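Please read the structure below before turning to the comments.
The values are calculated or read from the model by the stated rules, or taken from the named source; none is laboratory data. Model, not experiment: these values are computed from the prediction. Cβ placement follows ideal geometry from the backbone for every residue including glycine, while neighbour counts extend to all protein chains displayed.
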Amino acid sequence: MAAITATDKDKPELPSVRKPVRPGRWRPFRKNWDLYLLAIPVLIYFIIFEYFPMYGLQIAFKNFVASKGIWGSPWVGLVHFERFFDSYYFWRLIENTLGIGIYELVVGFPLPILLALMINEVKNGIYRRFVQTVTYAPHFLSTVVLVGLIFIFLSPQTGIVNQLIKLFGGDPVSFMMSAGWFKTIYVLSGAWQHMGWSSIIYLAALAGVDQQLHEAARVDGASRIRRIWHINLPGIMPTIVTLLILNVGRILSVGFEKVFLMQNQLNMETSDIIATHVYRMGIAGAQYSYSTAVGLFNAVITFIMLIVVNYLARKVNETSLW
């Protein structure tokens, strides 16, 4: 009996295993309550103005009658979608909307990157701030003022552009009355207005690039162009990819206000887009169910494009929104 007791005493004691203590579910909320409190107004805004209006999307599948309300209006299924797909304007609207959106992406997206790279290389602080101020300023012009300036500059009689054309022996051109010039005027004026403002985020990304890489590249004899190409561009590539995904997702969401203000009967062939068609049929024509169906179609296609581009970006560059 004693031997057995001695043997038991000689055995090493096993350490006690403690169960991991799981943090409380509400602990992050209690710890960062002030940050969540700041987010509440934003959530309320999106719920009221972005999510709650989705309740009205059901009229796209109904023959909406205002006196009967949304629930009382008769259900018609996909009739309004079929009407839009079979309409004379369908392919013209798709072509114009895609044309302007892709044109704007190809021209307007690279310009802020180039501007940010050039401003980043400017060492004179006063000149740098002057360039930034001059390029940022057009962003704060209202769309109405911008379109007014476009009409003034491109006027066949007094516009500065046509005055230069006359100076070199050419004939005045009615730019705003020509369907062929509409997309170019829309895209270039938009690029001029938003180029400086859009470059801010790229300048912020460039500020985070490790300067030791530039010092090492200078020691190796790399030129400024080489350093921009092999250091700055790769450094801001995640930002570029993220903004590219967002811009591609907005290809079909061409702004309504500017197109509507520039639009007239003579350039309608190339200026009529989905947004203006929805306004003309829904607000002016009081065809609420049809216009809702067109808007829903536009939103669904935009959502699908965003998902596809995000997936491709994640596969190719391992950078995506989610």
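Among the residues of the stretch 113-122, is any without any contact (Cβ under 8 Å) to a residue 12 or more places away in the chain and assigned to a helix (DSSP H, G or I)? The answer is yes; a qualifying residue exists.
Is there any pair linking a residue in the stretch 187-213 that is modelled with pLDDT under 90 to one that is part of a helix (DSSP H, G or I) and of a type in the set (K, R), with Cβ under 6 Å and at least six apart or on different chains, and which? Every condition considered, no pair remains.
All of (1) under 19 Å from G101 (Cβ atoms); (2) crowded, with 19+ Cβ neighbours inside 10 Å; (3) among the polar types (S, T, N, Q) hold for N162 with one exception: (1).
Within the stretch 131-174, the set of residues being in contact with an Asp or Glu (Cβ under 8 Å, 6 or more places away or on another chain), in contact (Cβ under 8 Å) with a residue 24 or more places away in the chain and over 21 Å from G196 (Cβ atoms) is empty.
Taking I48, is it part of a helix (DSSP H, G or I) and closer than 18 Å to A293 by Cβ?
No: the conditions fail for I48.
Go through the stretch 219-281 and tell me which helices (runs of 4 or more DSSP H), entirely inside it, have 3 or more residues that are under 25 Å from the mean Cα position of the chain (by Cα), exposed (fewer than 15 other Cβ atoms within 10 Å of the Cβ) and not β-branched (V, I, T).
Working: elements: 224-227, 233-249, 256-262, 268-271, 274-278.
Ranges flagged: 233-249.
When the stretch 142-172 is limited to residues that are among the hydrophobic types (A, V, I, L, M, F, W, C) and assigned to a loop (DSSP other than H, G, I, E, B), the one that is nearest to F260 (Cα to Cα) turns out to be L154.
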